[in-house]
Amino acid sequence: MPWDSANSVLLVDDDPSVRNLLARHFEKAGFEAFHAEDGIDALGKLRDKLPKVIVTDLQMPRMTGWEFIRVVRRRFPTIPIVALSGSIPIDFPAEVKPDRWFEKRIEHFPDLVQAVNDLARETPNDVCLPQVVSTLVR
């Protein structure tokens, strides 16, 4: 069972320099930042620790941000997600719509940190995990 970490953010991006730069911004703002290199790596991290907010790139190898968001929305519907991308689509499909989105540009990082701070304050401390009902099968 994963434990949730107060004031933490999961940074999902295939570019380590972007992850490190984002981590510095979030750590300066008082967040604990942990990293994942793509959606598959991020799902593994979520087994151990649940963040208050997830920041994910949309274009990544192995599992895109779109696919990752779809899985997180089903498994952890109360964790807010912020999408980052060099090119943001006008319409997001409902099942993968992030809570916020930003262009991946350094001048947007202060606004990104503020948005994550706002989302973290609005998020309940206990992440609601989907109910699993087990029934006997004969």
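The values are calculated or read from the model by the stated rules, or taken from the named source; none is laboratory data. Nothing here was measured: the structure is a model prediction, and the numbers come from that model. Reconstructed Cβ throughout: ideal geometry from the backbone, glycine too, with neighbour counts over all protein chains shown. Note: areas computed on protein heavy atoms with side chains; ligands, DNA, RNA excluded. Shrake-Rupley method; radii C 1.70, N 1.55, O 1.52, S 1.80 Å.
Among the residues of the range 25-51, those identified as open to solvent by 20 Å² or more (accessible area, probe 1.4 Å) and in contact with a helix residue (DSSP H, G or I) (Cβ under 9 Å, 6 or more places away or on another chain) are His25, Lys28, Ala29, Gly30, Glu32, Phe34, His35, Glu37, Ile40, Leu43.
Would you point out which residue out of Thr78, Thr135 is within 16 Å of Leu10 (Cα to Cα), of a type in the set (Val, Ile, Thr) and either modelled with pLDDT under 95 or open to solvent by 40 Å² or more (accessible area, probe 1.4 Å) (or both)? Exactly one residue qualifies, and that residue is Thr78. Among the residues of the range 6-49, those identified as assigned to a loop (DSSP other than H, G, I, E, B) and of a type in the set (D, E, K, R) are Asp13, Asp14, Asp15, Glu37, Asp38. I'd like the residue in the range 65-75 that is out of contact with any Leu (no Cβ under 8 Å at 6 or more places or on another chain) and among the charged types (D, E, K, R) and, out of all such residues, is most open to solvent (accessible area, probe 1.4 Å). Once the filter is applied, the top-ranked residue is Arg74. For Arg62, the test of being surrounded by fewer than 24 Cβ atoms within 10 Å (Cβ to Cβ) and in a helix (DSSP H, G or I) is failed.
Of Asp111, Asp118, Asp91, Asp126, all but one fail to be at pLDDT 90 or above and open to solvent by 60 Å² or more (accessible area, probe 1.4 Å); the exception is Asp111. A search for C-beta distances below 6 Å between a residue of the range 71-85 that is more than 8 Å from Pro98 (Cβ to Cβ) and any residue that is assigned to a loop (DSSP other than H, G, I, E, B) and open to solvent by less than 10 Å² (accessible area, probe 1.4 Å), counting only pairs 6+ apart in sequence or on different chains, returns Ser85/Leu58.
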